[in-house]
Amino acid sequence: MGMNTRTLPESPEQLLEELFAIFPQYRANYAGSIHGDTPGFHSVLLAFTQFFGGQLTSFSEAQLRKFGELVSESVESDGPLENAFVTCLLEHLHQIKAERSLRPYLSEIARQKTRA
């Protein structure tokens, strides 16, 4: 541990900014919170998961690696962010046909939380 100094997003807005930083094309496609009110971790990731599945083939290996690190570290953190990543992304990877592309970049803990 200790090698990575990443600070996990502490608010939905920080999570969104991190997603925009990894996937600049998402900022252009972002239409706002899926529920129209103040975004929560879950609504941010629900909207992102649709984008991620739809744009998967356009992502670079570096983007997938960075995103995999964010997902893995979030899932290992316990709490609302972990819950949102598991229920809004990892459980749906097979449905959006992204599991094979993202799985190599996930930690063992994150891999165990995907639904095959």
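What follows draws every value from the coordinates through simple rules; no lab data is involved. Because the structure is predicted, anything quoted here is derived from the model rather than measured.
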(message) Using the Karplus curve 6.51 cos²θ - 1.76 cosθ + 1.60 with θ = phi - 60°, what ³J(HN,Hα) values do you get for each residue of segment 72-84, in whole Hz, with x for Gly and Pro?
(response) 4, 5, 5, 5, 7, 8, 6, x, x, 5, 4, 4, 5
(request) May I ask you to compute the full-extension gain from Ile109 to Glu10, defined as 0.36 nm times their residue separation minus their alpha-carbon distance, rounded to one decimal in nm? (result) 33.6 nm
(request) Along each of the three principal axes of the Cα atoms of segment 62-116, give the extent in whole Å, ordering the values from largest to smallest. (result) 26, 23, 16
(request) Determine the equivalent ellipsoid of segment 12-112 by diagonalising the alpha-carbon gyration tensor, then write out the semi-axes as square roots of 5 times the eigenvalues, largest first, rounded to whole Å. (result) 19, 16, 12
